[in-house]
Amino acid sequence: MIYFDNSATTKVSAEVLESYTKVSEQIWGNPSSLHQLGEVASKLLFQARQQIAELFGVLPGEIIFTSGGSEGDNWVIKGTALAKRELGRHIITSSVEHAAVRNAMHQLEDLGYEVTYLPVDKQGRVNPADLKAAIRPDTILVSIMAVNNEIGTVQPIQEIGEILQDYPKIHFMVDAVQAIAKGMDDQWFSDRVDFVVFSGHKYHAPRGTGFVYAKAGRQIAPLINGGGQEQNLRSGTENTPGDVAMSRAIRLAKEREDDTVKREREIKQAIIDHVSQFEHVQVFSGNDAGFAPHILCFAIVGVRGETVVHAFEEHDIYISTTSACSSKKTETSTLSAMGVDPHAAESAVRVSLGDQNTLADAEEFNRVFDELYAGFAKIIN
């Protein structure tokens, strides 16, 4: 089997699963309990938080554990809206955000907030000048993703941060779910980024884990009220085994980062070089510094994306149509925003790589591609 759908989810690694199982079996106390079992769990949870903070050069108190990317996105967006509603009701985001951001924005619009959706260029990238022009006195939040989940575009977070230096009261949130340990983390943990959202299952941690970097001193309201866990920002009994396992997954990902990024770039280039030779193929992702190393989006124009996905599946190769969160709804939000012809957008598929993939996987993918393309060409021509 060749698994090329790592942006949808990753397999929990053996080392991470070992941590999860060990903590589940041996340290099951509630971290909020006063007895010894609770104290042991609380200390372990703090160690996990501290390890993540040290990896990114932030404070342990700035790491807030969540259930994943969707919760993190919703919390920062709606929590900011609640906390700063008396200061303004205008938010800026891009037209290519993940559904968790996009639909949270739509809900706020229903509640009377105004959202500006920035356009993108032919590579799916926002123009910082457009963002600066969109800022108003009542702007309370800017939310721009780090790496696009459909085609892998890296957004100009540093440039946007420089603009926002002149607007210190505006929260700046980055959805970095697709970006961790891809050679770019220093861009998200900068002086002007206030909130960064991560999801554990994108880097071999269990599903249902994640965290938000929330800069100390920034005003934000909780969405989940209860017992006051996570500094009263995210109540609910902590997922101790999940969070411990996630911290180990991040550490392992960071240790392997340089080798992983180099290999993913090579695999991605090998596939781009091969498929771009064919007449009916359109490649949407680049492989320079403006694109993440692990995401490749292309189309065999004239063949629906789901048809291509299932054809590869018959050869035990697993890819997807654009975002897994929208693939069953035939949404092509990023490509549409880029101005891609709808006919081509409907043909788009996504190959997303992980640290387990090899150049041999690319060779087999290209071999199968040749076979499938020969059959599709009869339909297209």
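Taking the criterion of being among the basic types (Lys, Arg) and more than 15 Å from residue 143 (Cα to Cα), the only residue of segment 185-205 that qualifies is 202. Considering segment 343-354, and only residues there that are out of contact with any helix residue (DSSP H, G or I) (no Cβ under 7 Å at 6 or more places or on another chain) and either free of Cβ contacts under 8 Å to residues at least 60 places away in the same chain or among the aliphatic types (A, V, I, L, M) (or both), the residue that is nearest to residue 259 (Cα to Cα) turns out to be 344. Of everything in segment 215-235 that is open to solvent by less than 30 Å² (accessible area, probe 1.4 Å) and without any contact (Cβ under 8 Å) to a residue 24 or more places away in the chain, the residue that is nearest to residue 23 (Cα to Cα) is 235.
Against the list (1) surrounded by 13 or more Cβ atoms within 10 Å (Cβ to Cβ); (2) closer than 17 Å to residue 314 by Cβ; (3) modelled with pLDDT of 95 or more, the condition residue 353 fails is (2). Only one of the numbered conditions (1) touching a Gly at 6+ places or on another chain (Cβ under 7 Å); (2) under 25 Å from residue 357 (Cα atoms); (3) assigned to a loop (DSSP other than H, G, I, E, B) is not met by residue 11, and that is (1). If you check residue 250 against the conditions, is it of a type in the set (Val, Ile, Thr) and under 19 Å from the mean Cα position of the chain (by Cα)? In short, yes. Can you run down the residue pairs with Cβ atoms below 7 Å, 6 or more apart or on separate chains, where the first is in segment 355-377 and outside the structural domain of residue 299 (by the TED database) and under 26 Å from residue 180 (Cα atoms) and the partner is open to solvent by 20 Å² or more (accessible area, probe 1.4 Å) and modelled with pLDDT of 95 or more? Short answer, once both residue conditions are applied: none. Taking the residues in segment 253-296 that are touching a Cys at 6+ places or on another chain (Cβ under 9 Å) and crowded, with 17+ Cβ neighbours inside 10 Å as candidates, determine which candidate is nearest to residue 178 (Cα to Cα). Among those residues, the one meeting the criterion is 285. Of all residues in segment 183-196, those satisfying the criterion of being open to solvent by 30 Å² or more (accessible area, probe 1.4 Å) and at negative phi are 186, 187, 189, 190, 191. For segment 197-214, check the following and say yes or no: at least one residue is open to solvent by 20 Å² or more (accessible area, probe 1.4 Å), at pLDDT below 95 and within 22 Å of the chain's Cα centre (by Cα). No: zero hits. Can you pull out the residues in segment 166-179 that are in contact (Cβ under 8 Å) with a residue 40 or more places away in the chain and assigned to a strand (DSSP E or B)? Correct list: 171, 173, 175.
If you check residue 163 against the conditions, is it touching a Leu at 6+ places or on another chain (Cβ under 8 Å), open to solvent by less than 50 Å² (accessible area, probe 1.4 Å), outside any strand (DSSP E or B) and on the phi < 0 side of the Ramachandran plot? Spelling it out, residue 163 is indeed touching a Leu at 6+ places or on another chain (Cβ under 8 Å), open to solvent by less than 50 Å² (accessible area, probe 1.4 Å), outside any strand (DSSP E or B) and on the phi < 0 side of the Ramachandran plot. Given the condition under 24 Å from the mean Cα position of the chain (by Cα) and within 24 Å of residue 121 (Cβ to Cβ), answer yes or no: does some residue in segment 357-370 qualify? Looking through segment 357-370, none of the residues is under 24 Å from the mean Cα position of the chain (by Cα) and within 24 Å of residue 121 (Cβ to Cβ).
Within segment 355-369, how many residues are farther than 21 Å from residue 261 by Cβ and either hydroxyl-bearing (Ser, Thr, Tyr) or in a loop (DSSP other than H, G, I, E, B) (or both)? So the count comes out to 0. Going by what's in this entry, would residue 191 be described as at pLDDT below 95 and assigned to a loop (DSSP other than H, G, I, E, B)? It is true that residue 191 is at pLDDT below 95 and assigned to a loop (DSSP other than H, G, I, E, B). Please work out which residue is surrounded by the most Cβ atoms within 10 Å (Cβ to Cβ), limiting yourself to segment 13-34 and to residues that are free of Cβ contacts under 8 Å to residues at least 12 places away in the same chain and farther than 11 Å from residue 244 by Cα. Looking at residues that are free of Cβ contacts under 8 Å to residues at least 12 places away in the same chain and farther than 11 Å from residue 244 by Cα, I get 33.
The values are calculated or read from the model by the stated rules, or taken from the named source; none is laboratory data. Please read all numbers here as calculations on a predicted model, not as lab measurements. Using ideal geometry, Cβ is built from the backbone for each residue, glycine included, and neighbour counts are taken over all protein chains shown. Accessible surface areas use protein heavy atoms only, side chains included; no ligands, DNA or RNA. Shrake-Rupley method; radii C 1.70, N 1.55, O 1.52, S 1.80 Å.
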